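Reading through the structure tokens given below for one structure.
The values are calculated or read from the model by the stated rules, or taken from the named source; none is laboratory data. In this text the structure is predicted, and so the values were computed from the model without any measurement. Please note: Cβ atoms are built from the backbone with ideal geometry, for glycine as well, and neighbour counts cover all protein chains shown.
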Amino acid sequence: MIHAESLTKAYPMGSRTLMALDAVTFHIAPGEYAAIVGPSGSGKSTLMHLLGCLDSPTSGSYRLHGRDVSSLSSDALAKVRGEEIGIDFQGFQLIPRLTALENVALPMVLCGTPPAERLARAEALLQRVGLGNRLQHKPAQLSGGQQQRVAIARALARDPAVLLADEPTGSLDPRATKDVLTLLDELHHEGRTVLLITHDMEVACRADRQLEIAEGKLIRDSKS
């Protein structure tokens with residue numbers, strides 16, 4: 001499903017070049033649950049942006065479902081991102097003035113899904129993540145763990161093949177962390193491909209596979 005070959009991202013810094021990601025190669029199979037783990041500044045966020053089609057690499061290739069997306073235009077990347085990848089952003093990024101139901105329905109508004117269909121799907125997704133009794137609550141009326149589950153439901157709105165979860169437990173208490181990780185386990189067991197980005201090795205070990213990043217390089221793949 002995901003084939004990253006010598007994926008590199010470099011940023012000019014005056015007379016020198018910052019190598020944020022340095023020739024990273026790995027493959028993710030359909031239905032796999034993998035964690036990309038590393039400390040702050042390791043390059044894992046850069047890798048997440050490339051895998052999520054939020055940015056393009058300086059060199060190397062990224063194939064998603066057999067299609068090379070590494071050199072697509074920003075508009076084409078946005079289309080791939082909307083149709084094939086669900087991103088659970090760090091910090092939730094819910095819209096404060098919208099209810100949980102409206103936040104989850106928003107991606108379907110942008111792609112033109114009819115109102116009755118998108119609201120029914122949004123409600124079903126919130127039921128799926130255990131928030132069927134919080135449909136009309138706005139983000140400020142929800143706990144951190146509940147907001148995270150709304151964000152995951154929103155990431156699933158268009159039924160993507162890949163769920164990319166960026167530090168989904170970074171700001172949660174232990175109980176909420178357990179709830180969110182259990183939800184990711186369940187989504188994986190249902191057959192969805194899950195990529196978890198985290199700085200916490202204990203969290204990463206919940207996944208079946210760990211890809212450890214340091215100084216822009218892939219230094220360990222537990223599958224190897």
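Here is a check on your reading of the model: is Thr177 in contact with a helix residue (DSSP H, G or I) (Cβ under 9 Å, 6 or more places away or on another chain), within 24 Å of Val24 (Cα to Cα) and hydroxyl-bearing (Ser, Thr, Tyr)? Steps first, answer last, please.
Values: in contact with a helix residue (DSSP H, G or I) (Cβ under 9 Å, 6 or more places away or on another chain): yes; within 24 Å of Val24 (Cα to Cα): no; hydroxyl-bearing (Ser, Thr, Tyr): yes.
No.
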Among (1) closer than 20 Å to Leu211 by Cα; (2) part of a loop (DSSP other than H, G, I, E, B); (3) touching a strand residue (DSSP E or B) at 6+ places or on another chain (Cβ under 7 Å), Gly41 falls short only on (3)
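Condition check ((1) loosely packed, with under 15 Cβ neighbours inside 10 Å; (2) more than 25 Å from Val24 (Cα to Cα); (3) polar (S, T, N, Q)) across all residues:
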{"residue": "Arg118", "(1), (2), (3)": "no, yes, no"}
{"residue": "Asn133", "(1), (2), (3)": "yes, yes, yes"}
{"residue": "Leu156", "(1), (2), (3)": "no, yes, no"}
{"residue": "Glu212", "(1), (2), (3)": "no, no, no"}
{"residue": "Leu218", "(1), (2), (3)": "no, no, no"}
{"residue": "Ser224", "(1), (2), (3)": "yes, no, yes"}
Among helices (runs of 4 or more DSSP H) completely within region 71-147, the ones holding 3 or more residues that are more than 23 Å from Ser56 (Cα to Cα) and of a type in the set (Lys, Arg) are 115-128
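Which residue out of Met13, Met19 is modelled with pLDDT under 90, aliphatic (A, V, I, L, M) and closer than 24 Å to Ala214 by Cβ?
Met13 is the lone residue from the list that is modelled with pLDDT under 90, aliphatic (A, V, I, L, M) and closer than 24 Å to Ala214 by Cβ.
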Cβ-Cβ under 7 Å pairs, at least 6 apart or on other chains, region 1-24 side free of Cβ contacts under 8 Å to residues at least 12 places away in the same chain, far side part of a strand (DSSP E or B) and surrounded by 15 or more Cβ atoms within 10 Å (Cβ to Cβ): Tyr11/Ala20; Thr17/Ala10; Leu18/Ala10
Subset of region 178-224 (residues that are in a helix (DSSP H, G or I), more than 22 Å from Ala155 (Cα to Cα) and either touching a residue at least 12 places away in the same chain (Cβ under 8 Å) or among the small types (Gly, Ala, Ser) (or both)): Met201
May I ask you to say which residue of Pro57, Pro115, Pro96 is touching a helix residue (DSSP H, G or I) at 6+ places or on another chain (Cβ under 9 Å) and within 29 Å of Gln210 (Cβ to Cβ)? Pro57
Hey, among Gly216, Gly112, which residue is modelled with pLDDT under 90, at positive phi and among the small types (Gly, Ala, Ser)? Gly112
